[in-house]
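Undergrad: Before I ask anything, here is the structure I am working with.
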Amino acid sequence: GPSARRECGQHQVMLFEAPPHGLGTNIHYMSVLLAKTVEEGRALVMTGDWYYRFDCAGDDGWACLLRPLSACSAEEAKAGGAPVHWRSVPLSYSDPAMSDSHYTPPAYRHHSRGVLWWRSQLVSFLLRPNNRLERMLQQTRTMIGYRHPIIGVQVRRGDSCAHGETSTLRPGCQGVEAYVARAREMAALYGVGRVFVATDDDTVVAAFRAVGEWEVNVLPVDRSVFESSLFIDSTTRTCTP
C-alpha cells in the first residue's frame, strides 16, 4: 500500500531560524530548543539563513555542512502550521524557572555524569558533519598532522576581549600564560605531547610554539580578518566563499 504520510506540523516540529549572532550563541539557543523538543516529543528543524557555511549554493544554509536534524523539511513544517522560533520569541534560554532549559530525560536525570554530559550529547547531535564536511575535516587533519592523543585549546581574542571589558556579564580575557599552564597540567596528567590550538590571534600560536614542550597543530589561516573590536561574524562571512 502507499507509504504513511509524514507528520510535520506544529505538534510534531519546532522550527528555528538563527539570528545573526555568534556560532556559540546560536548553538546554545539550539541546544535549549533541542532539549525542549525532546521533552515534548517533537523534532527540531532549521529554517532560514545560516552564517556558518562554506562554498555552498545560496540557500543551502544548515545543510551545507551539517546533517539535517529531522526527516521533516522546513517547507513541510511551515505548510503544517509550525511557527518559527527566533531569538525574540519569549522562550527562556537560561532561566529554568521560565522554561526547563536544563531538561534531562528521566533515564539520565540522576546519571552520574550529570547535566553537562547530557547537554554535550545534544550539541554532539546538532553538530554532526555531513559527508562533505567530513571529507574537508579529514583533509585538514592530514594537512596539519592532527592525530590523537591531543589536547585541544581555544583562545579567543578580537571582539571577545573588547566585549568582556565593557560587559557586566562576560568575563574578561585571560593572558595566554593561563592557557599554557592548563595545557601543561593536562599534558602531565595524560602524558600527551601534542596540542591543537584554535585561535584568532597569531601571537597565541607563537606563545604555544615557544614553550617547546609539545608539537603544536594549528590551522594555516589568515588571522588578520579577526583583528577587530567589533562583532566579527559579518566580517568573516564576507571573507568566506
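The values are calculated or read from the model by the stated rules, or taken from the named source; none is laboratory data. Just so we're clear, the structure is a prediction, and the values are computed from it rather than from any experiment. Methodologically, a virtual Cβ is constructed for each residue, glycine included, from the backbone with ideal geometry; neighbour enumeration extends over all protein chains shown. These accessible areas exclude ligands, DNA and RNA; they are computed on the full protein's heavy atoms, side chains included. Shrake-Rupley method; radii C 1.70, N 1.55, O 1.52, S 1.80 Å.
Undergrad: What tally of residues in region 13-24 results from selecting those that are open to solvent by 40 Å² or more (accessible area, probe 1.4 Å), farther than 13 Å from V123 by Cβ and outside any loop (DSSP other than H, G, I, E, B)?
TA: Going through region 13-24 one residue at a time, the tally reaches 1.
Undergrad: Among (1) over 22 Å from the mean Cα position of the chain (by Cα); (2) modelled with pLDDT under 75; (3) of a type in the set (G, A, S), where does G9 come up short?
TA: Evaluating G9 over (1) over 22 Å from the mean Cα position of the chain (by Cα); (2) modelled with pLDDT under 75; (3) of a type in the set (G, A, S) leaves (2) as the failure.
Undergrad: Please go through region 107-146 and give me each residue that is open to solvent by 60 Å² or more (accessible area, probe 1.4 Å), out of contact with any helix residue (DSSP H, G or I) (no Cβ under 9 Å at 6 or more places or on another chain), at pLDDT 90 or above and of a type in the set (A, V, I, L, M, F, W, C), ordered by number.
TA: L137, M143
Undergrad: While we're here: Which of the residues belonging to region 151-178 are more than 28 Å from M30 (Cα to Cα) and either buried (at least 16 other Cβ atoms within 10 Å of the Cβ) or modelled with pLDDT of 90 or more (or both)?
TA: Hits for region 151-178 are V176, E177, A178.
Undergrad: Can you tell me how many residues in region 54-99 are outside any helix (DSSP H, G or I), closer than 17 Å to A43 by Cα and either under 18 Å from the mean Cα position of the chain (by Cα) or modelled with pLDDT of 60 or more (or both)?
TA: Residues in region 54-99 being outside any helix (DSSP H, G or I), closer than 17 Å to A43 by Cα and either under 18 Å from the mean Cα position of the chain (by Cα) or modelled with pLDDT of 60 or more (or both): 15 in total.
Undergrad: I need the full set of residues from region 201-220 which are under 21 Å from T142 (Cα atoms) and surrounded by fewer than 17 Cβ atoms within 10 Å (Cβ to Cβ), in order please.
TA: Answer for region 201-220, where residues must be under 21 Å from T142 (Cα atoms) and surrounded by fewer than 17 Cβ atoms within 10 Å (Cβ to Cβ): R209, E215, L219, P220.
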